[in-house]
Amino acid sequence: MKKIILLGATGSIGTQTLAIIRENPEKFQLVALSFGRNMERGRAIIQEFKPKMVAVWHTRDRVALEAEFPNVKFYNGLEGLREVATYLDGDVLLNAVMGSVGLLPTLDAIEAGKAIAIANKETLVTAGHLVMRAAKEKNVSLLPVDSEHSAILQALNGENPERIEKLVLTASGGSFRDKTREQLSEVTVKEALKHPNWNMGNKLTIDSATMFNKGLEVMEAHWLFGVSYDDIEVVIQRESIIHSMVQFVDGSFIAQLGTPDMRMPIQYALTYPDRLFIPYEKEFRITDFSALHFEKVDYERFPALKLAYNAGKIGGTMPTVLNAANEIAVAGFLNGQVAFYNIEALVENAMNRHTSISDPDLDTILQVDQETRAYVKTLL
Ligand code: NDP
Ligand code: MG
């Protein structure tokens with residue numbers, strides 16, 4: 001029985017993680033969780049899964065829940081996330097919060113010796129060197145939930161990592177892949193939230209449309225697999241059936257294929273290297289796809305990806321800046337303060353203004369993250 005701590009239980013990944021736990025009660029138990037502001041869903045989750053400890057964002061929500069569930073221990077705010085992440089009786093932390101708010105809870109959980117399953121890519125982008133170093137020092141496993149990185153993990157089973165030639169990350173191209181840059185000036189929030197293949201949280205759906213998501217994933221891959229940026233390639237795979245691949249020195253490619261359903265990579269991060277049955281609504285038949293398409297990425301069309309490669313190669317605090325600026329710019333787009341194509345402009349502006357600090361410690365990272373957020377907010 002694996003005892004799971006789930007951060008971000010009300011979100012897209014959180015909901016699918018709950019489906020896996022519900023389906024396998026003899027394998028998994030949810031012992032502690034967090035959610036942000038979605039009280040209706042949060043309440044239902046507490047009633048169903050009966051966790052011992054819960055963190056929410058607001059004090060008023062914590063107080064309300066304490067009255068309703070006297071047998072559960074409640075916390076709130078960032079301190080609450082950190083408490084829950086280190087819950088004594090938990091074996092594995094599945095971090096599915098959105099944004100770099102997930103960094104400190106992840107580091108705390110590693111320090112407490114928990115295994116980590118990480119969906120929260122912003123944490124790896126913001127401070128990948130600190131997270132990977134801590135996991136190594138504490139000898140805890142840190143496994144990806146992101147589908148591309150799960151595909152790479154699967155392709156690397158039994159392989160010698162020194163024989164990797166290249167990691168090839170696949171991208172769907174997002175909601176606006178068939179639009180020109182000129183056409184982007186007219187797009188709305190509603191259109192941006194319609195992803196062709198995947199059903200995800202709002203921030204990630206916008207990141208897919210700009211391709212900042214793929215940029216964050218390039219950095220995530222760099223940290224998870226220790227591969228240099230020159231050896232990580234992005235290709236467009238319109239159908240989202242090939243989730244990523246590894247090219248080896250002998251010219252062999254190993255790819256992982258499957259239906260675009262996050263339950264597979266979430267579950268794999270919890271059962272690795274074993275696998276478990278998943279009851280899909282519709283059987284995936286490879287013959288449903290008579291062709292799979294691969295296209296080069298046009299970096300003029302998707303400048304966000306170029307910015308992300310630049311940030312990654314500069315290193316130090318530059319990825320922290322890219323991530324923080326993007327989080328604020330996307331929030332601005334979602335609430336109508338920023339035009340779609342200005343998301344990239346805001347991120348570029350913040351990066352141009354910043355001089356990267358190399359091998360930053362945690363305090364430096366947190367300070368740069370906060371400063372960048374404050375600066376980009378002045379531009380909205
Ligand atoms: P959602 O927006 O659907 O969910 C985010 C979760 O985090 C919710 O439970 C939300 O609570 C909570 N949350 C948001 N902000 C805060 C905060 N400041 N403090 C505490 N809790 C917070 O996101 P997704 O599930 O789509 O994504 C989560 C992470 O997983 C992201 O890093 C994303 O990049 C990554 N990921 C997601 C995939 C997907 O298919 N969705 C695929 C691969 C990676 P509430 O809603 O209650 O306020
Ligand atoms: Mg992904």
*For the stretch 244-333, what is the per residue volume of the convex hull drawn over the alpha-carbon atoms, in cubic angstrom?*
230
*Tell me, what is the Rg over Rh of the stretch 89-233, with Rh the Kirkwood radius over Cα pairs?*
1.01
*Please work out the Cα center distance from the stretch 172-249 to the stretch 110-154, rounded to the nearest Å.*
20
_Inter-label distance for residue 352 and residue 111, nm, one decimal - labels placed 7 Å from Cα along Cα-to-Cβ_ = 3.9
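May I ask for the percentage of alpha-carbon pairs in the stretch 235-286 that lie more than 14 Å from each other? Before the final figure, lay out each step's value.
Numbers: 832 of 1326 pairs.
Result for the distance tail: 63 percent.
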*Please work out the Cα center distance from the stretch 267-281 to the stretch 1-80, rounded to the nearest Å.*
22
_Radius ratio Rg over Rh of the stretch 170-312, counting only Cα atoms, Kirkwood formula for Rh_ = 0.96
_Compactness index (Cα Rg / 2.2 N^0.38 Å), the stretch 73-172_ = 1.16
*What residues of the stretch 11-39 lie in the reach of a label at residue 277, counting those whose backbone N is under 17 Å from a point 7 Å from the Cα along Cα→Cβ?*
20-28
*asked:* With N set to the number of residues, divide the alpha-carbon radius of gyration of the chain by 2.2 N^0.38 Å and report two decimals.
replied: 0.95
*Can you run phi through the Karplus equation (6.51, -1.76, 1.60; θ = phi - 60°) for the stretch 355-365 and list ³J(HN,Hα) in whole Hz, with x for Gly and Pro?*
9, 5, 9, 7, 6, x, 7, 4, 4, 4, 4
*Going down the list 121/313; 179/203; 306/377; 27/203; 121/296, which pairs span over 27 Å between their C-alpha atoms?*
27/203
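None of the figures in this text is laboratory data; all of them are computed from the coordinates on show. Only a predicted model underlies this, so the values are computations on that prediction, with no experimental measurement involved. Please note: Cβ atoms are built from the backbone with ideal geometry, for glycine as well, and neighbour counts cover all protein chains shown.
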